[in-house]
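Input: a single structure, listed below in structure tokens.
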Amino acid sequence: MNKHIQRGLALVGAIVVSGSALADGGPDLTPLTSAVSFGTVVTAVLAIAVSLAGVYVAIKGAKTVISMIKGA
């Protein structure tokens, strides 16, 4: 067998074993998660994503206009 395939199978096996071990009775993180407000974090991430999408649209539009000018 290829070394990469063996490593991949070992990694998948380790993930499955650790996932099933944590699913049984993982630690209770309720005090930590209730103390943090994720609303502002989500807003910031969405704002960054929208600004990146705007930059992408602007670049795509500029490329389209330039190709129209070159084609004419």
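The values are calculated or read from the model by the stated rules, or taken from the named source; none is laboratory data. Please read all numbers here as calculations on a predicted model, not as lab measurements. Note that each Cβ is placed from the backbone with ideal geometry, even for glycine, and that neighbours are counted across all protein chains shown.
Laid out as a table, the results:
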quantity	calculated
Where a residue in the stretch 1-16 is free of Cβ contacts under 8 Å to residues at least 40 places away in the same chain and its partner, wherever it lies, is assigned to a helix (DSSP H, G or I) and of a type in the set (A, V, I, L, M, F, W, C), with Cβ under 9 Å and at least six apart	Met1/Leu9
Residues (surrounded by 10 or more Cβ atoms within 10 Å (Cβ to Cβ) and among the small types (Gly, Ala, Ser)) located in the stretch 63-72	Ser67
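For every residue, the table says whether it meets (1) among the aromatic types (Phe, Trp, Tyr); (2) surrounded by 10 or more Cβ atoms within 10 Å (Cβ to Cβ); (3) at pLDDT below 85.
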residue	(1), (2), (3)
Leu32	no, no, yes
Ala35	no, no, yes
Val41	no, yes, no
Ser51	no, yes, no
Tyr56	yes, yes, no
Gly61	no, yes, no
